[in-house]
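Structure first, then comments.
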Amino acid sequence: MILVSGSGIAYDNGILEKKAHLAKAKHLFILSGQSNMARLVPEESFTPAVKAAFGKKRVIVVKDAQGGQPIRRWYKGWKPKEGNDPVANGDLYDQLMTKVKTAIIGQKIKTVTFVWMQGERDAREEHGEVYAASLRGLLDQLKKDLDYSDINFVIGRLSDFDMDNERYPHWTMIRDSQVELAENHADFDWVNCDDLNDGLNAKGQAIKNDLHMTPAGYITLGQRFAEKAIQLIRR
């Protein structure tokens, strides 16, 4: 249907309806991973930042994370480099998606951003060689399940905890693969965590290059995740 205003300019009613639809649509942010995501409290820094950028009523934030878990508990198509063991489960992904689908019932979604802080367990179990492909597979899995083809993916790069690969043999391999993937695919980006694990931990103990971050570090991490997510959406 074509409408004509007093100025003589013609408008397509369908376009107007589409704009109105998008004006009410919301930005969905999905946060997941293992312990360093589990310890992040979105309400302290991430959620306020994205609400400030897009509006308090236009943001949905869903987080589900569990410490010490490998990516195969999210990515159902995961396979080791050789052999058939261990096997993928995907139970944590299903748990996460139950939360997501509950949160978006009746909502119009404009953008979807997935924020990921994980890789420690895979580095320890020496599955670094299949990690980048697993992240791509996880993104494709999300696109299919949400029926949404344009999903942004923000990665928290592994910190400088074990740069000599002494305790976690594939630590630097996974770090490097996270950066390489993010810098070579437009739908990915990454944040630096190297300065977030120094200082005083939650018990007031001094830490340096720790596996986990300080309370202040988690607040900064949430801010960095938000900044990257906002950049990807606006880009």
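No lab work stands behind these numbers, since they all come straight from the coordinates. It should be emphasised that the depicted structure is a prediction, and the values quoted were computed from it without experimental measurement. For neighbour counting, all protein chains shown are included, and Cβ atoms are generated from backbone atoms with ideal geometry for every residue, glycine included.
Some points to look at:
- Within straight-line cross-link reach of residue 26, lysines at Cα separation under 22 Å, skipping those fewer than 8 residues along the same chain: 18, 51, 56, 57, 63, 99, 101, 108, 110, 143, 144, 228
- Using θ = phi - 60° in the Karplus curve 6.51 cos²θ - 1.76 cosθ + 1.60, the 3J(HN,Hα) couplings for region 60-76 round to 10, 10, 10, 10, 8, 8, 8, x, x, 10, x, 5, 5, 8, 10, 8, 6 Hz; x is entered for Gly and Pro.
- Extension gain, residue 103 back to residue 183 (0.36 nm per residue minus Cα-Cα distance, nm): 25.7 nm
- Placing unit charges on the Cβ atoms only, positive for Lys and Arg and negative for Asp and Glu, gives region 58-175 a dipole magnitude near 700 debye about its Cα centre.
- Pairwise FRET efficiency - residue 148 versus residue 24, Cβ, R0 = 25 Å, nearest 0.05: 0.90
- Cα-based helix-to-principal-axis angle, 91-103 vs the chain, degrees rounded to 10: 30 degrees
- Between the Cα long axis of helix 215-234 and the first principal axis of the chain there is an angle of about 40°, rounded to the nearest 10.
- Note on residue 203 and residue 126: the model spin-label points, each 7 Å out from Cα along the C-beta direction, lie 3.1 nm apart.
- For region 182-224, the list of trypsin sites (Lys or Arg not before Pro) that fall in a loop by DSSP and count at most 16 other C-beta atoms within 10 angstrom reads 203, 208.
- Note on the chain: GNM, Cα springs under 10 Å; of 123, 202, 65, the largest mean-square fluctuation is that of 202.
- Annotation: amide H of residue 207 within the under-5 Å range of 199, 200, 201, sequence separation 5 or more or interchain, hydrogens built in the peptide plane.
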